[in-house]
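Input: a single structure, listed below in structure tokens.
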Amino acid sequence: MRKVLVVLLLLAIVGVVAADRIGVRIAEDRIAREVAAQTELTRQPDVTIHGIPFLTQVVGGEYEHIEIAIGDWTEQGVTVTDVTVDMRGVAAPLSEVTGGNTANVTARTATVSAVVPYSLIQKNAPREVKRLAPQGDNLAVDLEGSLLGLRLAGSGVVELKPTARGIAVSPVSVKSDGGPQIPLAALKRQLTWTVQVPALPLGAKISEVRATEGGVRVGATAQNVKLNDLQQVQK
């Protein structure tokens, strides 16, 4: 009899775990379809609901962590890649979820991350900037051309800072290869430029930038946001 009870208990545990995992998959698929419909994406995003057990979160209407991997995001003809939305403290009442209504689904914080390709950084750069590559948190650049009436051929380092319009790029050092050394202060204006980044999901403003091998990763955090706010900004 004891063995029978143990087997039944194990089967019950397996059943609960299976139901929990199946519930996660269903919820993830529903969120993915909703986000795709709102944002006019060409494919459904990958949604991951973290935290175990899932069913306890469903009943309580509070989810610890939901991650949405959108992929490419295009606004105003400009595309950024590897876009993710990391939502923490998501409040989704069971009655709203079962009714398919996401209007009242909110997150305490939502962090948006995306990669701006180097081709876009280069496209907006002064013509004297011939090549750029990551160097720690900054970018190393090759320079060639004419500045202030002097021939310039050399290299330099530019720093990246977030702005209301996107990414501000400005020189922190310049080294000439054999020619006259031009003071950095004199080159500051000619070698400073801004890269306009398209509006990110949630309308979040960029607050951090860093260079990576694949491009410049930008990040922004919004507070008390709704899932419906993911909808793409109207052009």
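The values are calculated or read from the model by the stated rules, or taken from the named source; none is laboratory data. Only a predicted model underlies this, so the values are computations on that prediction, with no experimental measurement involved. A quick note on method: Cβ atoms are made from the backbone with ideal geometry, for glycine too, and the neighbour counts reach across all protein chains shown. When the accessible area is computed, the model is the full protein with side chains, heavy atoms only, and any ligands, DNA or RNA have been set aside. Shrake-Rupley method; radii C 1.70, N 1.55, O 1.52, S 1.80 Å.
The table below lists the values:
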| read-out | value |
| --- | --- |
| Any hit, segment 63-72, residues being within 19 Å of V225 (Cα to Cα), open to solvent by less than 60 Å² (accessible area, probe 1.4 Å) and at pLDDT below 80 | yes |
| Meets criteria (open to solvent by 30 Å² or more (accessible area, probe 1.4 Å) and in a loop (DSSP other than H, G, I, E, B)) for Q181 | yes |
| Residue within segment 199-206 that is part of a strand (DSSP E or B) and either at pLDDT 85 or above or under 27 Å from the mean Cα position of the chain (by Cα) (or both) present | no |
| Any hit, segment 137-146, residues being modelled with pLDDT under 75 and open to solvent by 70 Å² or more (accessible area, probe 1.4 Å) | no |
| V174 being in contact with a strand residue (DSSP E or B) (Cβ under 7 Å, 6 or more places away or on another chain), closer than 20 Å to V218 by Cβ and open to solvent by less than 70 Å² (accessible area, probe 1.4 Å) | no |
